[in-house]
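Contents: one structure, followed by commentary.
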Amino acid sequence: MKTFKPGFYRGPDAPCAGRLIALAVVSTATMTGTATAGEAPLNYFLHSHGPASRPTMYLGWVLAGLSVAVCLIIALLLITAMLRKRPAADSRVIGQESGGLRWIYIGTGISTCILAGLVVYSLMVLNNVANPPTAPAITLTVTGYDWWWKIEYDHPESAKRFITANEIHVPVGQPVLLKLKSADVIHAFWVPKLAGKTQLIPGLINQKWIQADEAGIYSGQCSQFCGVGHAHMGFEVVAESANDFQKWQEEQLRTVSPSPAGRINAGYKLFLDRCAGCHTIRGTDAAGEHGPDLTHLNSRRRLAGGLLANTPDDLMDWITRAQKHKPGSRMPSMVLSDDERSVLALFLSTLD
Amino acid sequence: MAIADITQRPINDDLDRVPDFGRAPSGSDIEANLTGIWETAPGWRGWLSTVDHKTIGLRYIVTAFLFLLIGGIEALIMRVQLAGPDLTLLTPEQYSQLFTMHGVTMIFLYALPILSGFSNYLWPLLLGSRDMAFPRLNALSYWIFLFAGIFMYVSFPLGQAPNAGWFNYVPFSGPIYNTGPNIDVFALGMVLLGISTTVGSVNFVVTLFRMRAPGMTINRVPILVWGTLTASVANLLAIPAISLAFFLLWLDRQFGTHFFDVANDGKPLLWQHLFWIFGHPWVYAIVLPAMGIVSDALPTFCRRPLVGYTAVALATMATMLIGFEVWIHHMFATGLPAVALSIFGAASMVISIPSAVAVFAWIATIWLGRPVFKTPFLFFAGFVILFVIGGMSGVMTAAVPLDWQLNDTYFIVAHLHYVLLGINVFPVVGGIYYWFPKFTGRMMSERIGKWSFWVMFTGFNVGFFPMHLAGLLGMPRRIYTYSSRMGWDGVNMITSVGSFLFALGVLIFLVNVVISLKRGALAGPNPWDAATLEWTTSSPPPAYNFAVIPTVASRHPLWEDRLEEDSGDNRARSNFTEGYLLTKGRETIGTSPIDAKPVAILKMPDDSYTPFFSGLFLSLLFAGLLLHWWSFTAGMAIAGGITLIIWMWPQKALVQRIAAGRGP
């Protein structure tokens, strides 16, 4: 990051523990630096891109810098205390008990002042990020399931509401209000580069807001342990221009009309038979609600809660070996003949 | 001599007794007599029936350390799984069980019990008493701890161990999403363990206020005692919350109650409150006594008393007091209103002020003293820097908005390991090096000791520091694997290597223990030239601790003649050679709570099987509950009740006597 504090890299060349810490700090810098090169999609510490996360990032830098400084100072004091030269004395002699209190007064006094400042600063940041600068025009409901995300776009007109999964689209530069619910256990919604995390608690509706100031794809992840699939409960937020967002919404509103005959229809029949108990495809008879809405499956970048890229091969691999990819998931590993595979793949390829 | 107000009541003259006052030179008949009275019978009878606090303390330490090793092995297996991306050593379910049992083992079965072990062994020796206030309760506390530990592991070999994390959030741990016996084992085990902790805590509180040697006024007790006292009082207030929470969960799971059942208006958030109202005070309970170990033992190696005794003692209590006001900082992400979060965030920052007091007191003690670089000193000095690193990362997480990012990432894992390993394990290992001669009569090897410190210290930092970075790179906790595209490969590999290095350091320490037990140099009563009462006894101490009850005149009884005090000449001196003899059965002196003036002759119970059997029947009762063997459960309740009746049966020999007559 451009504004990364150069002071971070330096450190007094203290021996022993101090050097170790200095080393650790340098490695912090290098490793997070490496991550700058397009790695670590969740690296909020150096890359925060919205008003709900950027003040927190600066707070993080101040606190991290201060923490490193305090640790170095204490290490230095400790090492000096141990190694400083003393007049030779009989080891049987015991120092007097009184004295030294000035250390406590000064040390605790300085600590208290710094902490008081930090309390004020962190509360200011809290106030800053707790609420959006303007009232959000877009509201969507995110429901956590074991282990995927249902996304509902609200609209005053019911015809303009739609449901998707694991991929949230937002217009750049606008705050978006999220209502967070859970269908089963507690999850936590976290798009590190846009905002901190908030739990999805069954029986409650939590609210949070996000805003992306730059177009791009922001990875998100469930951060509250929710069972064996917890590691594979990712999602993405796609921030795009207002126009693109508009277009995307219109696309998502479109329903599917399966072609009446041919191999695509055979695939559709197979879908109704084997998949529709859990999955919805709007405009068709498939109206299951246990799994993700697949109406516009191919518009999404990733599959299975971010686990796989959304390619035709990965899709069929997921369908036939879901339990291997994501053990314990409600998606079974489907047993399909070669012909069934090909007609299903053909039908699914029409869901764009 | 003064008699406190509590004795100003009509009493039976038979209970008035003038205790003998005198000397008991080593090798005298008095010592032989005391040995006969206090020594535990040999063989399995004594093994099951002993109520000697030293034996119980060592059992606590050994058992807790075994649990540390088990938890450590679990951690190493997880570190192998996480060493690289997409590894498949463990299934997700195995990983869930491992990290849950790792947390449960370390936090509940190691961290507090090991400190209870130190305190059990040391308190009567530090306080100049012959035993804890309730020796049989002490034995009961240990047996239940042991049985509860075994209980929580019974389902592990079956692949049905607790699997919802040590925090065990509902509804994931509830009957719908967790159908096996996994969570029932955890819930019942925790209620059982809570009984052990509670009776242990009661024992510490009463012991402090009733069992100090004459003259050990409240401002002369060692800091370890303050630490354990504070932790014990906190436990008495905090344990009910967790026992209740787990009991309600068990009812939900087995009897269909709806405390946490969302479908019937139960509240999952209630669990989080109950858990953390307990959980946060608990984390202070498992560090304050360890900080006390350092405050007491570090001065020995600095050749001067601790700087700011009063400040450190008050800071200990202040930490605990504020520690009850910060539980919400585990719940910043639950959607509570910002005002509430502000208050708890601010309190969580303020709590580091008393810690600063202690840190500067330790540094000043080293600075103003003349440090002797023995192994225990290295562990204590290493502890100070780890404490500061863990404390600063704690301040970072106390900032609410930043915690919304850091929470549930590896940054927290790094923080809590710096705090718990840094503040608990390092002082504990240092403490073992320090008191090993007292425990066994032999010194531990310095050469191996220094190796063990440097390998542990290096391994610890190589292992856990990169976890901060993993957290800043967004790695969530409790994921059993990760993809290479997340950019966490490097930090995880370093962490895994470091964790094995740390484990090697622990192994070197264990080798040192084994070698030193057999071949260590003989220690003598006071090998470190330390200041406190435990070093006036032989190493290991006799069963009765003190042949005569010492009289204490300062915080540093063994340094009094050498302290460079301004008005040192006319000060009173502690007396270890002349005092109450108390040889008519198991006896020790009871003193007043603040001024430690002798008020009663406490008749102490003999060894007894009742604690073992009470603990056994109680644990079997819980096993019955787990297995739904209701008639077995009822049978165990009756057996336990009978054991308690035998335990409580009035014994004439245990009637307490008023100490009247001569005194110091």
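The figures follow:
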read-out: The one condition in (1) away from every other protein chain (no Cβ under 14 Å); (2) not in a helix (DSSP H, G or I) that B:R370 fails to fulfil; value: (1)
read-out: Residue match in region A:122-142 (condition: at positive phi and part of a loop (DSSP other than H, G, I, E, B)); value: no
read-out: Per-region count, region B:358-377, residues within 26 Å of the chain's Cα centre (by Cα) and surrounded by fewer than 24 Cβ atoms within 10 Å (Cβ to Cβ); value: 2
read-out: All helices (runs of 4 or more DSSP H) inside region B:421-519 with 3 or more residues being among the small types (G, A, S); value: B:446-472, B:489-519
read-out: Single residue of region B:203-236 satisfying the filter (hydroxyl-bearing (S, T, Y), touching a helix residue (DSSP H, G or I) at 6+ places or on another chain (Cβ under 7 Å) and in contact (Cβ under 8 Å) with a residue 60 or more places away in the chain) that is nearest to B:I589 (Cα to Cα); value: B:T207
read-out: Hits in region B:437-482 (condition: more than 9 Å from every other protein chain (Cβ to nearest Cβ) and polar (S, T, N, Q)); value: B:T440, B:S445, B:S452
read-out: Members of region A:118-135 that are more than 14 Å from chain B (Cβ to nearest Cβ) and surrounded by 18 or more Cβ atoms within 10 Å (Cβ to Cβ); value: none
read-out: Residue list for region A:53-86, restricted to those being within 26 Å of A:P132 (Cα to Cα) and more than 9 Å from chain B (Cβ to nearest Cβ); value: A:R54, A:Y58, A:W61, A:V62
read-out: Test result for B:F576, touching a strand residue (DSSP E or B) at 6+ places or on another chain (Cβ under 7 Å) and buried (at least 20 other Cβ atoms within 10 Å of the Cβ); value: yes
read-out: Search result, residues across region B:267-292 that are touching a residue at least 24 places away in the same chain (Cβ under 8 Å) and over 23 Å from B:T198 (Cβ atoms); value: B:P268, B:L269
read-out: Top-ranked residue of region B:306-339 - restricted to ones that are crowded, with 24+ Cβ neighbours inside 10 Å and not in a helix (DSSP H, G or I), ranked as farthest from the other protein chains (Cβ to nearest Cβ); value: B:L306
read-out: Conditions (1) out of contact with any Phe, Trp or Tyr (no Cβ under 9 Å at 6 or more places or on another chain); (2) away from chain A (no Cβ under 14 Å); (3) on the phi > 0 side of the Ramachandran plot: number failed by B:L126; value: (3)
read-out: Count of region A:215-243 residues which are assigned to a helix (DSSP H, G or I), in contact (Cβ under 8 Å) with a residue 40 or more places away in the chain and out of contact with any Lys or Arg (no Cβ under 7 Å at 6 or more places or on another chain); value: 1
read-out: Considering residues of region A:166-198 that are among the polar types (S, T, N, Q) and buried (at least 21 other Cβ atoms within 10 Å of the Cβ) only, the residue nearest to the chain's Cα centre (by Cα); value: A:T198
read-out: Boolean, B:V51 is under 25 Å from the mean Cα position of the chain (by Cα), within 20 Å of B:L602 (Cα to Cα) and in contact (Cβ under 8 Å) with a residue 60 or more places away in the chain; value: yes
read-out: Meets criteria (free of Cβ contacts under 8 Å to residues at least 60 places away in the same chain and buried (at least 24 other Cβ atoms within 10 Å of the Cβ)) for B:A398; value: no
read-out: Number of positions in region A:71-116 that are in a helix (DSSP H, G or I) and either free of Cβ contacts under 8 Å to residues at least 24 places away in the same chain or of a type in the set (A, V, I, L, M) (or both); value: 28
read-out: Qualifying residue in region B:525-534 (condition: touching a residue at least 60 places away in the same chain (Cβ under 8 Å) and assigned to a helix (DSSP H, G or I)); value: yes
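Yes or no, residue by residue, for (1) among the hydroxyl-bearing types (S, T, Y); (2) touching a Pro at 6+ places or on another chain (Cβ under 8 Å); (3) buried (at least 21 other Cβ atoms within 10 Å of the Cβ):
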{"site": "B:S452", "(1), (2), (3)": "yes, no, yes"}
{"site": "B:M467", "(1), (2), (3)": "no, no, yes"}
{"site": "B:P476", "(1), (2), (3)": "no, no, yes"}
{"site": "B:S483", "(1), (2), (3)": "yes, yes, no"}
{"site": "B:M486", "(1), (2), (3)": "no, yes, yes"}
{"site": "B:F500", "(1), (2), (3)": "no, no, no"}
{"site": "B:A503", "(1), (2), (3)": "no, no, no"}
{"site": "B:I508", "(1), (2), (3)": "no, no, no"}
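Matching residues to (1) at pLDDT below 95; (2) under 21 Å from A:V170 (Cα atoms):
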{"position": "A:C113", "(1), (2)": "no, no"}
{"position": "A:T134", "(1), (2)": "yes, yes"}
{"position": "A:A137", "(1), (2)": "yes, yes"}
{"position": "A:I151", "(1), (2)": "no, yes"}
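The values are calculated or read from the model by the stated rules, or taken from the named source; none is laboratory data. What you are looking at is a predicted structure, and each value in this text was computed from that prediction instead of being measured. Positions of Cβ are backbone-derived with ideal geometry, glycine not excepted, and every protein chain shown enters the neighbour counts.
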